[in-house]
Amino acid sequence: MNIGIFSGSFNPIHIGHLALANYLCEYEGLDEVWFLVTPHNPLKQSNELMDDDLRLRLVQLATEEYPKFRASDFEFHLPRPSYTVSTLQRLRQAYPQHTFHLIIGSDNWLLFHRWYQWERILKENRLIVYPRPGYPVAADGLPEQVRLSSAPTFEISSTFIRRALQEGRNVRYFLHPAVFRALTEN
């Protein structure tokens with residue numbers, strides 16, 4: 001199967017994440033998207049993150065009703081900080097029957113040369129780059145194993161969601177209903 005690896009903080013997961021993954025499954029040939037909740041991103045301060053188990057639970061709530069989505073704590077069991085190159089290698093070892101496609105935003109693609117062992121990631125893996133507002137990427141000139149998605153763009157971020165919730169704003173339509181309930185109950 002063609003599996004999209006959507007690795008991230010999901011701090012919290014929102015409808016932009018879900019709509020993108022849905023698009024990639026329905027229009028761009030992925031059989032499933034695995035949401036790998038990252039316990040600690042080397043490029044982010046860990047004190048910005050909600051609790052690991054809470055973020056995983058929110059991803060589980062958001063993805064449980066769509067058979068092409070899977071919430072994963074795979075990176076919780078890897079050494080920290082977790083690096084994408086190691087995660088992808090371990091995934092290929094654990095699931096040799098699947099073809100994995102790393103899903104990253106165009107903002108991350110423009111910084112990809114800063115990722116740990118980025119050349120090895122490119123050599124050993126397939127990537128799908130999805131558009132992010134303000135971060136254009138030209139399709140021509142991309143390496144052969146990198147594909148530019150034609151997914152619609154969403155101007156929504158987890159930072160926006162966290163700030164809105166802290167301000168007491170009702171952002172229920174930016175979140176899966178179960179995620180909204182869980183966040184407002186906590």
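The numbers here are math on the coordinates, done by the rules we state, and not lab data. Not measured: the values here are computed from a predicted model. All Cβ positions, glycine included, derive from the backbone under ideal geometry; neighbour counts span all protein chains shown.
For the chain, give me the percentage of DSSP beta bridges that are antiparallel, rounded to the nearest 5 percent.
5 percent
Quick check: the angle from helix 84-94's long axis to the longest principal axis of the chain, C-alpha only, nearest 10 degrees?
80 degrees
By how many nm would the segment from Thr99 to Arg80 lengthen if fully extended, with 0.36 nm per residue of separation less the alpha-carbon distance?
4.4 nm
Quick one, can you get me the convex hull of the C-alpha atoms of the chain expressed as volume per residue in Å³?
It comes to 119 Å³ per residue, whole-number rounded.
Along the positive direction of the dipole of the chain (beta-carbon charges: Lys, Arg +1; Asp, Glu -1; about the Cα centre), which of Phe6, Tyr66, Ile161 reaches farthest?
The Cα lying farthest towards the positive end belongs to Ile161.
Relative contact order of the range 2-185, please, whole-number percent, based on alpha carbon pairs below 8 angstrom and at least 6 residues apart.
It rounds to 26 percent for the range 2-185.
I need the trypsin sites (Lys or Arg not before Pro) found in the range 28-111, filtered to DSSP loop residues with at most 14 other beta carbons within 10 Å of theirs.
Those that pass, being in a loop and sparsely packed, are Lys44.
Please compute the modelled spin-label separation between Asn2 and Ser157, points set 7 Å along Cα→Cβ, answer in nm with one decimal.
For Ser157 paired with Asn2, the spin-label model returns 3.0 nm.
Using unit Cβ charges (K, R positive; D, E negative) and no other charged atoms, how large, in debye to the nearest 20, is the dipole of the range 1-136 about its Cα centre?
In debye, rounded to 20, the range 1-136 gives about 440.
Arranged from highest to lowest average of other beta-carbon atoms within 10 Å per residue, in what order do the peptides 6-18, 25-37 appear?
Peptide ranking by packing, descending: 6-18, 25-37.
Of the peptides 98-110, 142-154, how do they stack up when ordered by the mean number of other Cβ atoms within 10 Å, highest first?
Result, highest mean Cβ count within 10 Å first: 98-110, 142-154.
How many nm is it between the label spots at Glu119 and Asp51, if each spot is 7 Å from the Cα in line with the beta carbon?
About 4.4 nm separates the two model spin labels.
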